[in-house]
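Chemist: Okay, handing you the structure first.
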Amino acid sequence: MGVTGAGKSTFVSLLSGEDIEIGHGLQSCKTLQTKAEPYQEPYRVIGTTKVGIYYFMLDGVRVWLIDTPGFDDTPGFDDTNRSDSEVLKDVAYWLANAYTRKILLAGIIYLHRITDIRMQGSALRNLRMFTQLCGLNNLKSVILVTTHWTNEEGKSVPESVGQARIKELEDTEEFWGGMIARGSRVEKHDGSRTSARKIVSGLVNRQIRVTLDIQRQLVDEHRNLYDTDAGQALLRELIEERKRSEAGLAELKLDMDFALKEKDKKWQEQIQRDRADFEAKIRKGYTETEELKIDIKKIEKEKDAQIRKMQSKWDEDRASLEIQLERAKREIKEFRAAQRQRMASPVQLEQEYYDMVPRSRRRMSGQHEVVQNSKAPGFQRRYRDLPVCELAVRGF
């Protein structure tokens, strides 16, 4: 887990060897790979919930990697097209289903960019949501991993600078301090496959399995998502966002009074646009709050319907592509047959030439040459007037 751009998909790709779509901008990748039964192959893509399942072999043991979305302050957390509650439902859906099937986690890896100069609001929010998903008692199964020590251009974060940032994270209770006090540990990922394997080995070799709080609350305690610790954490974030929007509306009201007094039309129009944005955010917050009032059975039903719809759409697209492919193959075959037929008929070539080239061009002096040694009967008679360049184009 981790914020957008922390390197979750890159980390998984290093280990699994699979070419995973990686989101570097606001629009993050939207791939869900899972299976009907977790330990049966092959994979099948069944939706766009962004929970990816991959595996790799570690000392003869198959290790499964779960690539989940993070929780940011961008609209819809990691995904700019989806609501916060929708992303939480997706994560809860997979975790609850895995727990129901007696599939337990060996641990959780939380990735953090060492390039971040300070703990931004998005990263702090993500960390709070992560903690509530896991539960305080499970933090001893968490590895806090720093990434991006070297960027794509080969520029590195100086070791002294990076260690200073890590120390600040470790010493601040609200950041990593509280997690470390409960057993979490810190590791550096240098971007290599060896480094990634070492980090995962530290969890797998413990031979300990973890049940996250959200799994226990949804499955064992039959809570609604709204009543889970993670749901309540999201609710608090939604309430804070609504308060900020309402405060913004109050300020806009004062601005509008002044703009009306000054008869500033452009300012009034801008205030109206800003007011519409704030009102939309407030409505969105109420909608997301209602979406959280759902239990795991309803989540499963909802996700299954989405999966069937996506599968139907993919089947239609695949059928359409197969039709287009067959049509293209047929057209290529017909084109090649026509080419062979034209090349085998000098008379037809002559007629095509005389149809295409103006008479004045055919009779230009100094451009004619009789071609010898042609096997075509009557070739010299038929083509004595053709310019050498035209004969070369037609393969003579």
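Rule-based calculations on the coordinates, nothing more; no lab input. The structure displayed is predicted, hence computed values, not measured ones. As a convention, Cβ positions derive from the backbone with ideal geometry for all residues, glycine included, and neighbour counts pool all protein chains shown.
Chemist: Out of the GluC sites (Glu not before Pro) in the stretch 147-247, which ones are loop residues according to DSSP with at most 12 other C-beta atoms within 10 Å?
Modeler: The qualifying sites are GLU152, GLU153, GLU221.
Chemist: Also: Go ahead and run the numbers for FRET between GLU331 and ALA305, Cβ-Cβ distance against an R0 of 41 Å, rounding to 0.05.
Modeler: Numbers: r = 40 Å, r/R0 = 0.97.
Calculated value: 0.55.
Chemist: Over 19 Å between Cα atoms, which of LYS8/LYS293; LYS261/LYS281; LYS102/LYS297; LYS8/LYS303; LYS89/LYS301; LYS8/LYS198 qualify?
Modeler: From the list (LYS8/LYS293; LYS261/LYS281; LYS102/LYS297; LYS8/LYS303; LYS89/LYS301; LYS8/LYS198), the Cα-Cα distance tops 19 Å for LYS8/LYS293; LYS261/LYS281; LYS8/LYS303.
Chemist: With contacts defined as alpha carbon pairs under 8 Å and 6 or more residues apart, what's the relative contact order of the stretch 229-294 in percent?
Modeler: Details: 30 pairs, mean separation 30.9, N = 66.
Relative contact order, the stretch 229-294: 47 percent.
Chemist: Let me ask something else about it. Rounded to the nearest 0.05, what FRET efficiency is calculated for ASP59 and GLU170 with R0 set to 25 Å and r the Cβ-Cβ distance? Walk me through the intermediate numbers first.
Modeler: On the way: r = 30 Å, r/R0 = 1.22.
Rounded to the nearest 0.05, the efficiency is 0.25.
Chemist: Per residue, how big is the convex hull of the stretch 144-271 when only Cα atoms are used? Give it in Å³.
Modeler: Taking the convex hull of the Cα positions in the stretch 144-271, it is 230 Å³ per residue.
Chemist: Sticking with this one: Under a straight-distance cross-link criterion of Cα-Cα below 27 Å, which lysines are reachable from LYS329, leaving out those fewer than 8 residues away in the same chain?
Modeler: Reachable lysines: LYS313.
Chemist: Counting only DSSP beta bridges with both residues in the stretch 60-200, what percent are antiparallel, rounded to the nearest 5?
Modeler: 10 percent
Chemist: Mean 1/r over all different Cα pairs, inverted: what Kirkwood radius does the stretch 146-207 give, in Å? If you can, show how the numbers build up before the last one.
Modeler: Details: mean 1/r = 0.0762 Å⁻¹.
The Cα-based Kirkwood calculation yields 13.1 Å.
Chemist: May I ask for the distance between the Cα centers of the stretch 110-169 and the stretch 179-200, given as a whole number of Å?
Modeler: If we compute the Cα centre of each part, the gap is 11 Å.
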